[in-house]
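As structure tokens, the structure follows; a few thoughts come after it.
Readers should treat all values here as calculations from the given coordinates under stated rules, not as data from a laboratory. Keep in mind that what you see is a predicted model, and the values were worked out from it rather than measured. Note that we place each Cβ from the backbone using ideal geometry, even for glycine, and neighbour counts take in every protein chain shown.
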Amino acid sequence: MTGQKIIAERFRAKFGVNPHVYRAPGRVNLIGEHTDYNDGFVMPAAIGFYCWVAAGPRQDRKLVVSSEEFPEHGEMELSSRLPQPSHTWSDYSVGVAAQLEKAGFRLSGANLLVHGEVPIGAGLSSSASIEVATALALAEESGLSIDRPHLARICQQAENEFVGMRCGIMDQFISLHGRANHALMLDCRSLKFELVPIPESVRLVICNTGVKHTLAGGEYNRRREECEEAVRSLAKALPNIRALRDVSREQLEEHRRLLSEVLYKRAKHIVTENERVLNSVKALRAGDLHRFGEYMAESHVSLRDLFEVSCAELDLMVELANRQPGVYGARMTGGGFGGATINLVDAEHATAFAETVAKGYQKETGIAAAVYICMPADGASLVETPEMAG
Ligand code: GLA
């Protein structure tokens with residue numbers, strides 16, 4: 001049964017009415033890591049794993065969010081003070097509702113039932129998929145028309161302010177703007193984007209290490225602070241900069257003495273990663289997959305040695321990938337400290353690649369890795385329930 005049918009049936013069983021069903025995908029990032037909160041460039045693609053949200057109206061001004069996968073449910077009185085986080089999964093949904101109300105949108109009472117299929121802890125943005133599916137459901141059910149970049153911003157703010165993770169805008173933006181068979185190159189400052197076709201001859205192969213180190217959240221916020229500190233220090237010599245996005249490689253070298261060794265390394269990753277994203281778009285448009293793969297490899301080394309967000313399991317997965325025939329490039333993807341790698345692999349080699357890498361990884365670590373062979377998917381939408389289709 002598809003996610004859509006599962007969620008619609010569960011909703012009917014629970015509330016006795018036919019719901020509207022919304023879905024929002026997870027994502028994988030091809031290149032441009034930790035650049036989003038530095039006003040830089042990223043190149044993610046949506047993937048065919050979704051969070052499904054079934055929604056129906058309530059008579060009172062209350063929002064009730066539940067899921068059959070988790071015991072806790074979330075509630076919010078829409079006419080009273082904004083709620084406090086409950087530190088459970090429902091914060092992703094309730095946070096979005098709170099942020100919408102805070103932004104002046106008046107929501108209608110609703111029951112939401114959530115069913116998530118994006119693997120959790122794999123660095124594939126299961127959290128953004130809940131936020132985006134919720135945001136779309138709440139906006140539509142309340143008859144509000146909110147443009148998608150604005151919705152992405154609201155979801156990001158929910159995660160920053162309600163959940164306490166200071167993420168950038170990449171995950172929410174791609175979940176709303178993904179296009180089948182395309183990657184999206186986003187300028188995270190202007191929110192202008194370009195869709196770049198992914199050739200049919202390749203597959204995006206995602207290898208989940210199966211580990212998520214507990215330091216992920218804290219270290220993520222720390223990296224963001226380090227980047228902000230680097231900007232403050234460099235601004236003494238470069239008063240016009242607002243973010244590491246504004247610093248060139250030459251300027252960074254010239255003013256290196258203003259930074260500690262750690263801050264220099266962090267800044268160097270961001271400055272070079274932004275260059276790599278821009279060069280990768282050119283390579284992809286020119287059909288030069290080998291070049292694209294080289295940028296992916298450089299990105300991994302930079303994340304490992306300069307930004308220091310990789311881990312032994314990710315490095316091993318990349319090493320195993322690099323030994324396989326048909327692979328153009330391999331790197332860690334997402335925030336790091338576990339989660340998954342992204343591999344650009346020739347379509348004909350993809351199945352053998354997946355099997356061999358998983359086997360090699362299991363041999364070295366004892367962990368059975370999940371491997372997904374994907375192509376980019378479409379972004380979030382309202383889906384027709386069988387009843388709507390007649
Ligand atoms: C997480 C965050 C994103 C981004 C990536 C790293 O996925 O949610 O905003 O910063 O890490 O590129």
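DSSP assigns beta bridges within the chain; of those with both partners inside it, close to 90 percent run antiparallel. In a simple Cβ point-charge model (Lys, Arg +1; Asp, Glu -1; nothing else charged), region 148-218 has a dipole of about 40 debye relative to its Cα centre. For the peptides 218-230, 314-326, the ranking by packing is 314-326, 218-230, with the highest mean count of neighbouring Cβ atoms within 10 Å listed first. Note: relative contact order over the chain, using C-alpha pairs below 8 Å and six or more positions apart, is 24 percent. Mind listing the long-range amide H neighbours of SER67? Cut-off is under 5 Å, sequence gap 5 or more, other chains count too, H placed in the peptide plane at 1.01 Å from N. Long-range HN contacts for SER67: VAL114. Between rounded, prolate and oblate, where does region 88-241 land on the alpha carbon gyration tensor, with a ≥ b ≥ c its root eigenvalues, rounded for a/c under 1.5, else prolate if a/b exceeds b/c? In terms of gyration-tensor shape, rounded.
Packing, taken as the mean count of other beta carbons within 10 Å per residue, orders the peptides 21-27, 259-265 from highest to lowest as 21-27, 259-265.
The residues neighbouring VAL132, those whose beta-carbon lies less than 13 Å from its own, together hold a net charge of -1 under the Lys/Arg +1, Asp/Glu -1 convention. One chain, two ends: GLU219 and LEU382. Fully extended at 0.36 nm per residue, the span grows by 55.1 nm beyond their Cα-Cα distance.
Around the amide H of SER142, modelled in the peptide plane, lie the amide H atoms of SER108, all under 5 Å away and 5 or more residues distant in sequence or on another chain. Projecting the Cα positions of ASN343, LEU78, ALA358 onto the charge dipole of the chain (unit charges on Cβ atoms of Lys, Arg, Asp and Glu, taken about the Cα centre) puts LEU78 furthest along the positive direction. Local charge for MET317 was computed over the other residues whose Cβ lies under 11 Å away, with Lys and Arg +1 and Asp and Glu -1, and equals -3. The magnitude of the dipole of the chain, with charges of +1 and -1 set on the Cβ of Lys/Arg and Asp/Glu and taken from the Cα centre, is near 440 debye.
In the chain, the longest principal axis of the Cα atoms and the axis of helix 216-234 are about 60 degrees apart. Taking the charge dipole of the chain about its Cα centre, with +1 at Lys and Arg Cβ atoms and -1 at Asp and Glu Cβ atoms, the residue from TYR295, CYS188, VAL65 reaching farthest to the positive side is CYS188.
How much net charge surrounds HIS20 when only the other residues with a Cβ under 10 Å from the Cβ of HIS20 are counted, with Lys and Arg +1 and Asp and Glu -1?
Its environment carries a net charge of -3.
Charge dipole of region 3-129 (Cα centre as origin; +1 on each Lys and Arg Cβ, -1 on each Asp and Glu Cβ, all else neutral): 520 debye, rounded to the nearest 20. Against the chain, whose longest principal axis comes from its Cα atoms, helix 289-305 is set at around 90 degrees. Among rounded, prolate and oblate, which fits region 167-274 when a ≥ b ≥ c are the square roots of the eigenvalues of its C-alpha gyration tensor, a/c under 1.5 means rounded, and a/b larger than b/c means prolate? Since a/c reaches 1.5 and a/b is larger than b/c, the shape of region 167-274 is classed as prolate.
For region 163-197, trypsin sites (Lys or Arg not before Pro) are listed when DSSP marks them as loop and at most 11 other Cβ atoms sit within 10 Å of their Cβ; the list is LYS192. Once you sort the root eigenvalues of the Cα gyration tensor of region 137-188 as a ≥ b ≥ c, which label holds: rounded (a/c under 1.5), prolate (a/b larger than b/c) or oblate (the other case)? Cα axes put region 137-188 in the oblate bin. As an exercise, take the mean of 1/r over every pair of distinct alpha carbons in region 246-390, invert it, and state the Kirkwood radius in angstroms. Hydrodynamic radius (Kirkwood, Cα pairs) of region 246-390 is 17.4 Å.
Would you mind checking the tilt of helix 3-15 against the longest principal axis of the Cα atoms of the chain, expressed as 0 to 90 degrees and rounded to 10? With rounding to tens, the tilt is 30 degrees.
I need the peptides 108-114, 359-365, 154-160 ranked by packing, meaning the mean over residues of other C-beta atoms within 10 angstrom, with the highest value on top.
154-160, 108-114, 359-365
Taking label points 7 Å from Cα along the Cα-to-Cβ direction, ARG249 and GLU364 give a separation of 2.9 nm.
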